[in-house]
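Where a number appears in this text, it was derived from the coordinates with a stated rule and is not lab data. Being a predicted model, the structure only gives us computed values, none of them experimental. Quick reminder, even Gly has a Cβ in these numbers, built from the backbone with ideal geometry, and neighbours come from all protein chains shown.
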Amino acid sequence: MTKSNGAAGAPRRDTDPVIANVDVVLPFQLEQSGFRGRLVRLGPGLDEILNRHAYPAPVAQLLAETIVHAAALAANLKYDGIFTLQTKGDGPVAYTVADVTSVGDLRGYARFDGDRLTEQQSHKGFLPDLGSLLGSGYLAFTVDQGEHTERYQGIVELRGSGLSDAVRHYFRQSEQVATGIKAMAGKDADGKWVGGAVLLQALPPDDVALAADHQAGSREEDWNRAMILLDTVTEKELLDRTLPADVLAYRLFHEEGLRLFDRRELRPGCRCSRERVVNALQSIRREELDDMRVDGKVVVTCEFCNSAYAFDDADLDTVYGGAAF
């Protein structure tokens, strides 16, 4: 990584506030303790993904939070492929899924039962937490780096009232890595979706001198102090697109020897294509496609981006005849 700011002095301010503040991940490290972190700020990209579907408010909120968490977690990994974060349960929301490619393409989707959701919302004291929306289920992390590599997946039972609780539970149970995360999503004054997250991890020091300087007691004190600082970040700060990400990081951790690295851009990007749909259709017998016909054409709609791919009979002749399409 290239160092963009050291611990000394306030961080620089980019001249373009849109580029500087939204749809970015800002990696950082706390030099005094060796803890590493990621600060995520999402804006137009998140809004575009959510507005591709007419989600009820609680479902949109849960999916927004899934996407924000996925962006933060993916940025904390070294991989060449796709990172996927999924929640799945037996409640009115069957699942939410968000994935992030190693080049920063981001997408998300939620499936829900509208009737069950309406019934759930009618209950006195309804709160749109994980239990009410997802019921009993699990949280899954998946890293897929292609057909010639081993696919990694970690699964843990959903715990807590919010997604951040479930993520912390995952790291305690599966990775046994001290992890702090604060993530939020909502709509701004213009009715646009925005999201933000700060993730911090206490990885074992890989430098002998650093390890010697941080004995168990000292390291625990460092971690407790970092968590106190993380807990001070407010919803307004996380969701304020006019507050530069580096300024927020400096505001939180400047006394910890903050070191900032080059920010990475995120953008909405779906991997669907007509070619992929053709390949999927070829795995289905042609006579089984009648239920997919709309006005005489077979229509396949991408769950993520809502793009529709239509095939008339001549197209299907080509698909099932094996000719190039």
Practice prompt. Could you rank the peptides 106-114, 232-240, 280-288 by their average count of other C-beta atoms within 10 Å per residue, with the highest value first?
Written response: 106-114, 232-240, 280-288
Worksheet item: Over the chain, what relative contact order in percent results from Cα pairs under 8 Å that are six or more residues apart?
Response: 25
Response to the item:
Relative contact order of the stretch 274-321 (C-alpha contacts under 8 Å, at least 6 apart) in percent is 34
Discussion item. I'd like to know which of THR242, LEU39, THR101 lies farthest towards the positive end of the charge dipole of the chain, counting +1 on Cβ of Lys and Arg and -1 on Cβ of Asp and Glu.
Written reply: THR242
Fill in: Charge-dipole axis of the chain as Lys and Arg at +1 and Asp and Glu at -1 on Cβ define it, positive-most pick from ALA72, THR87, TRP223
TRP223
Response to the item:
Among GLY131, ASN306, THR149, the residue whose Cα sits farthest towards the positive end of the charge dipole of the chain, when +1 is placed on the Cβ of each Lys and Arg and -1 on the Cβ of each Asp and Glu, is GLY131
Worksheet item: How much net charge surrounds ARG159 when only other residues with a Cβ under 13 Å from its Cβ are counted (Lys, Arg +1; Asp, Glu -1)?
Response: -1
Worksheet entry | Computed helical MRE - 222 nm, the chain, DSSP H runs ≥ 4 contributing -39500 (n - 2.57), nearest 500 | -9000 deg cm²/dmol
Worksheet item: Amide H to amide H, which residues 5 or more places from LEU258 or on other chains are under 5 Å from it, using H placed in the peptide plane?
Response: GLU31
Discussion item. If I model a spin label as a point 7 Å beyond the Cα along the Cα-Cβ vector, how far apart are those points for ARG285 and ASP90 in nm?
Written reply: 3.4
Item to complete: Provide, for the chain, the number of lysine pairs with alpha carbons under 27 Å apart, each pair being eight or more places apart or on different chains.
Response: 13
Item to complete: Mind putting a number on the dipole of the stretch 25-124 about its Cα centre? Charges go on the C-beta only, +1 for Lys and Arg and -1 for Asp and Glu, and I need it in Debye to the nearest 20.
Response: 160
Practice prompt. For the stretch 82-97, take each phi angle, set θ = phi - 60°, evaluate the Karplus expression 6.51 cos²θ - 1.76 cosθ + 1.60, and give the result in whole Hz per residue in order, putting x for glycine and proline.
Written response: 9, 9, 10, 10, 9, 10, 8, x, 9, x, x, 9, 5, 6, 10, 9
Worksheet item: Using +1 on the beta carbon of Lys and Arg, -1 on that of Asp and Glu, and nothing else charged, what's the dipole of the stretch 3-268 about the Cα centre, debye to 20?
Response: 280
Worksheet item: Using θ = phi - 60° and the Karplus form 6.51 cos²θ - 1.76 cosθ + 1.60, what ³J(HN,Hα) does each residue of the stretch 124-136 get, whole Hz, x for Gly and Pro?
Response: 5, x, 4, 10, x, 9, 4, x, 5, 8, 9, x, 8
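Cβ under 11 Å from ASP312's Cβ, ASP312 left aside: what net charge do those residues give with Lys, Arg +1 and Asp, Glu -1?
Working: positive: ARG293, LYS297; negative: ASP295, ASP313, ASP315, ASP317.
Local charge sum for ASP312: -2.
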Discussion item. Starting from 0.36 nm per residue, how many nanometres of slack lie between LEU77 and VAL247 once their C-alpha separation is accounted for?
Written reply: 58.8 nm
Item to complete: Between LYS297 and THR232, with labels modelled 7 Å along Cα→Cβ, what's the label distance in nm to one decimal, could you check?
Response: 5.8
Worksheet item: Size of the dipole of the stretch 274-321 about the Cα centre, Lys and Arg at +1 and Asp and Glu at -1 on the beta carbon, nothing else charged, in debye to 20?
Response: 180
